[in-house]
């Protein structure tokens, strides 16, 4: 087989919709998928490690990276910065790996300006009530923060139509199956197969 580039997937959802649980399950069953590790200035949550969930850096370091044009995209969410390193993304794509960017709709717009081939997937909760219940089960945020997150969630969900695929995370196994199907289908697009199996196709047509 010929060497080919992987696909870049944008995965967005309001906080509490279950996108992290979904992509972690996909990673465990699909060896061709990788998650992009972003840089952030927010403090680590309990159980998070530097270099695993995020690269945790201070504001000054983040602003230096912006000045150096080191980010594929970056955004400010509440009082914190988030950004995706160009070097890490392109390195994985060139290896033929599919890469997931877990970013919001603003970051997705930035990505598509520079990489229009990116494939967008938006995860929706089954209801606003279910979303709020999931946020409260975390027991990490005050009522004020939860209200802010719910208001932000409604705004985020209003941008679902900017994505190529929408998955409602009501039944987890069904949602995971849908997401896996999207990844498999994108690997079988004609343009991808022409690049991936160019030699084979030429041989088959060389009678």
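Kindly evaluate residue 13 against the criterion of being under 15 Å from the mean Cα position of the chain (by Cα), crowded, with 17+ Cβ neighbours inside 10 Å, over 30 Å from residue 198 (Cα atoms) and without any contact (Cβ under 8 Å) to a residue 40 or more places away in the chain.
Criteria not met by residue 13.
The rows are residues; the columns are (1) modelled with pLDDT under 90; (2) touching a strand residue (DSSP E or B) at 6+ places or on another chain (Cβ under 6 Å).
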site: 106; (1), (2): yes, yes
site: 116; (1), (2): no, no
site: 137; (1), (2): yes, no
site: 175; (1), (2): no, yes
site: 194; (1), (2): yes, no
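Given (1) touching a helix residue (DSSP H, G or I) at 6+ places or on another chain (Cβ under 9 Å); (2) surrounded by fewer than 19 Cβ atoms within 10 Å (Cβ to Cβ); (3) farther than 19 Å from residue 187 by Cα, where does residue 118 come up short, assuming only one miss?
(3) is the only condition that residue 118 fails.
Could you tell me how many of the residues in segment 42-55 are buried (at least 16 other Cβ atoms within 10 Å of the Cβ) and either touching a helix residue (DSSP H, G or I) at 6+ places or on another chain (Cβ under 7 Å) or more than 17 Å from residue 73 (Cα to Cα) (or both)?
The number of residues fulfilling the criteria is 1.
Just wondering, is there one or more residues in segment 42-64 that are within 12 Å of residue 83 (Cβ to Cβ) and modelled with pLDDT under 95?
yes
Looking only at segment 16-36, how many residues end up being crowded, with 20+ Cβ neighbours inside 10 Å and out of contact with any helix residue (DSSP H, G or I) (no Cβ under 9 Å at 6 or more places or on another chain)?
Within segment 16-36, residues that are crowded, with 20+ Cβ neighbours inside 10 Å and out of contact with any helix residue (DSSP H, G or I) (no Cβ under 9 Å at 6 or more places or on another chain) number 1.
Which one is farthest from the chain's Cα centre (by Cα), of the residues in segment 56-110 that are assigned to a strand (DSSP E or B) and exposed (fewer than 14 other Cβ atoms within 10 Å of the Cβ)?
Only one residue fits best here, namely 80.
May I ask you to list the residues in segment 72-97 that are over 30 Å from residue 147 (Cβ atoms) and in contact with a helix residue (DSSP H, G or I) (Cβ under 6 Å, 6 or more places away or on another chain)?
72
Every residue in segment 1-36 that is out of contact with any strand residue (DSSP E or B) (no Cβ under 9 Å at 6 or more places or on another chain) and assigned to a helix (DSSP H, G or I), please.
Correct list: 21, 25, 28, 29.
For segment 133-207, please list each of the helices (runs of 4 or more DSSP H) lying entirely inside it that holds at least 1 residues being touching a residue at least 40 places away in the same chain (Cβ under 8 Å) and either in contact with a helix residue (DSSP H, G or I) (Cβ under 6 Å, 6 or more places away or on another chain) or closer than 24 Å to residue 27 by Cβ (or both).
Passing ranges, in order: 143-157, 172-187, 190-196.
Considering (1) touching a strand residue (DSSP E or B) at 6+ places or on another chain (Cβ under 9 Å); (2) crowded, with 16+ Cβ neighbours inside 10 Å; (3) in a helix (DSSP H, G or I), say which one residue 39 fails and leave the rest.
Unmet for residue 39, out of (1) touching a strand residue (DSSP E or B) at 6+ places or on another chain (Cβ under 9 Å); (2) crowded, with 16+ Cβ neighbours inside 10 Å; (3) in a helix (DSSP H, G or I): (3).
The values are calculated or read from the model by the stated rules, or taken from the named source; none is laboratory data. Given the structure is predicted, the values throughout are model-derived calculations rather than measurements. FYI the Cβ positions are ideal-geometry reconstructions off the backbone, even for glycines, and counts take in every protein chain you see.
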